[in-house]
Amino acid sequence: MAALVSLAACGGGADQVEDTTTDAAVQGRPETPEVEVTRPAGPTLTSIRSRGHLNCGIHPGLVGFSYTDNRGRWRGFDIDFCRATAAAVLGDPNAVRFVPVTNDQRFPALEEGRVDVLWRNTSRTLSRDGSGFDFPGTNYFDGQGFLVRRNLDLSSATELNGARVCVQAGSTSELNVADWFRVHGLTYTPVVVASETAARTAYAREDCDALTADVSALAAARTTLSDPRAHVILPDVISREPLGPAVREGDDQWADIVRWTLNALILAEALDVTQENIDQMVEETRNPEIRRLLGVEGHVGRPLGLNDTWARQAISAAGNYGEIFERNVGTESALDLSRGLNALWTAQPAGLMYAAPIR
């Protein structure tokens, strides 16, 4: 006899759903091993369900990643991941409160519980990982570079000896640029300012000869200048910046939910599941990996304490990883950034995006 599985603590869906695994095996489809107990809700998931929305820490304003449109609606690469997370957990991509936080505010906001997750171009480093925070994955592989005026006719950052360099205080960029000039035996004058906005403003006023930050942030900054074509990003990339979500340490379930939401969006691209075809896939696909991803079989929500359609809800809300990238920062956007390292590992040329199996 098929078992009845309670979903009351899993978020969304009916109170009971029939487990048809045994019937499927009888009909000749592969039988999925049973997971006997649905994972209980941990403190973060419980709080989110109680208040009815996700608190998502975001950048106050970065073109392509986190910004408000002319109607005041938040948009961008990181914003789409916030919405996907809310959809996975609560079944509603709009059940999210966006909390803008500066560099200095982001980790205190997370530590104090004012936000549940940072989806905010934040680099994973040893000191941060060892200071009470977890980094469940990387949604953007970046690196630090330099933006300069085209009329300086520079071809390499090694030509910046003696230059004035604008950099944001308290950022990994401030530390990286000091290391880079030291390693190369070059001198520079740091123009340290409080925020990314202040750094862009100082550069636009010509208070410095170069602006240094992650390449993605430089691409965004260039779009805000009066003549973007008059500025160029030098080819040198002086650091590795794996950007991704951050959560408080100590709630493994919540870290797993954020990790697997990101992974599901990457896997959806690898399996050609899109916002447009997802309903058709649910009805027609016979691919067992897609069926598990979309919650048609396999009870993939139980290990996370969610309903079985959590990944389907996330993909429906924001699209797969490739759709999110292209729409916000890729060829369909003002930033026009190439996929580069953020391409799937199966792409030509290969990137670093790799989807772990959902099973």
Q.
Would you confirm, using the coordinates I've provided, whether Trp254 is open to solvent by 60 Å² or more (accessible area, probe 1.4 Å) and either on the phi < 0 side of the Ramachandran plot or touching a helix residue (DSSP H, G or I) at 6+ places or on another chain (Cβ under 6 Å) (or both)?
A. no
Q: Name, by its number, the condition in (1) free of Cβ contacts under 8 Å to residues at least 40 places away in the same chain; (2) farther than 29 Å from Val117 by Cβ that does not hold for Ala199.
A: (2)
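Could you please give the count of residues in the range 276-302 that are polar (S, T, N, Q) and either within 25 Å of the chain's Cα centre (by Cα) or surrounded by 17 or more Cβ atoms within 10 Å (Cβ to Cβ) (or both)?
2
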Q: Report yes if some residue within the range 119-129 is in contact with a Gly (Cβ under 8 Å, 6 or more places away or on another chain) and not in a strand (DSSP E or B); otherwise report no.
A: yes
Q | Top-ranked residue in the range 163-192 [being part of a loop (DSSP other than H, G, I, E, B) and at pLDDT below 95; ranked as most open to solvent (accessible area, probe 1.4 Å)] | A | Gly170
(Q) I'm trying to understand the selection: among the residues of the range 144-162, which are assigned to a helix (DSSP H, G or I) and open to solvent by 30 Å² or more (accessible area, probe 1.4 Å)? (A) Arg150, Asn151, Leu152, Thr158, Glu159
Q) How many residues does the range 318-345 hold that are open to solvent by 30 Å² or more (accessible area, probe 1.4 Å) and out of contact with any strand residue (DSSP E or B) (no Cβ under 9 Å at 6 or more places or on another chain)? A) 8
Q) What are the residues in the range 220-235 that are assigned to a loop (DSSP other than H, G, I, E, B) and surrounded by fewer than 18 Cβ atoms within 10 Å (Cβ to Cβ), if any? A) Leu225, Ser226, Asp227, Pro235
(Q) Tell me yes or no: at least one residue of the range 269-279 is among the acidic types (Asp, Glu), assigned to a helix (DSSP H, G or I), at negative phi and in contact with a Gly (Cβ under 8 Å, 6 or more places away or on another chain). (A) yes
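From the list Gly351, Gly322, pick out the single residue that is touching a helix residue (DSSP H, G or I) at 6+ places or on another chain (Cβ under 6 Å), under 22 Å from Arg259 (Cβ atoms) and not in a loop (DSSP other than H, G, I, E, B).
Step by step, each of Gly351, Gly322 is checked, and only Gly322 is touching a helix residue (DSSP H, G or I) at 6+ places or on another chain (Cβ under 6 Å), under 22 Å from Arg259 (Cβ atoms) and not in a loop (DSSP other than H, G, I, E, B).
The values are calculated or read from the model by the stated rules, or taken from the named source; none is laboratory data. The model shown is predicted, which means the values in this text are computed figures rather than measured ones. Ideal geometry is used to build each Cβ from the backbone, glycine not excepted, and the neighbour counts take in all protein chains shown. Only protein heavy atoms, including side chains, enter the accessible area calculation; ligands, DNA and RNA are left aside. Shrake-Rupley method; radii C 1.70, N 1.55, O 1.52, S 1.80 Å.
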